[in-house]
Amino acid sequence: MLHNIELRGLMSHVRGVIIGQFTKYKHPDGGFTDMNDMFHEYLQHYDIPVCYDFPVGHSHLRNFPLPVGHRATLVVSSEGTTLSF
């Protein structure tokens, strides 16, 4: 999906990325060790905050809802991540 956004020239509109948790990733030979490594490789060229392992998605551990269409502020630092609406 991110590649499609990039191909369409829309990455300049992306202000931050929230990546959930992946529990069943199996890396192929010569591939990335995990999904976070893959996303990091792809997103490192953009000057945007990226949050990894956010408790959203299809994980059975914790799955918080994310409202769609709300203005939000994402702050990612070495101390942690804050998402506020």
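The values are calculated or read from the model by the stated rules, or taken from the named source; none is laboratory data. All of these numbers come straight from a predicted model, not from anything done at the bench. Heads up, the Cβs are rebuilt from the backbone with ideal geometry, glycines too, and the neighbour counts pull from every protein chain shown. In case anyone asks, the SASA skips ligands and DNA or RNA and just uses the protein heavy atoms, side chains included. Shrake-Rupley method; radii C 1.70, N 1.55, O 1.52, S 1.80 Å.
Observations, loosely collected:
- Radius 13 Å from Cβ of Phe32, net charge of other residues (Lys, Arg +1; Asp, Glu -1): -3
- Nonlocal amide H pairs with Phe22, under 5 Å, H built at 1.01 Å: none
- Vicinal HN-Hα couplings computed from phi for the stretch 49-56 (Karplus, 6.51 cos²θ - 1.76 cosθ + 1.60; Hz; Gly/Pro x): x, 10, 10, 9, 6, 5, x, 9
- Computed [θ] at 222 nm, helices only, for the chain once each DSSP H run of length n ≥ 4 contributes -39500 (n - 2.57): -4500 deg cm²/dmol
- Signed unit charges on C-beta, dipole axis of the chain, positive-most listed residue Gly31, Gly20, Gly69: Gly69
- Surface analysis of the chain yields an accessible area of 80 Å² per residue, using protein heavy atoms and a 1.4 Å probe.
- Checking (i) -0.31, -0.68, -1.24, -1.33; (ii) -0.34, -0.95, -1.47, -1.48; (iii) -0.50, -0.83, -1.15, -1.20 against log10 I(q)/I(0) by the Debye sum over Cα atoms at q = 0.11, 0.18, 0.25, 0.26 Å⁻¹ calculated from these atoms, the matching label is (ii).
- Point-charge dipole on Cβ atoms (K/R +1, D/E -1) for the chain, about Cα centre, debye to 20: 400
- Contact order relative to length of the stretch 1-52, as percent, for alpha carbon pairs under 8 angstrom and 6 or more apart: 46
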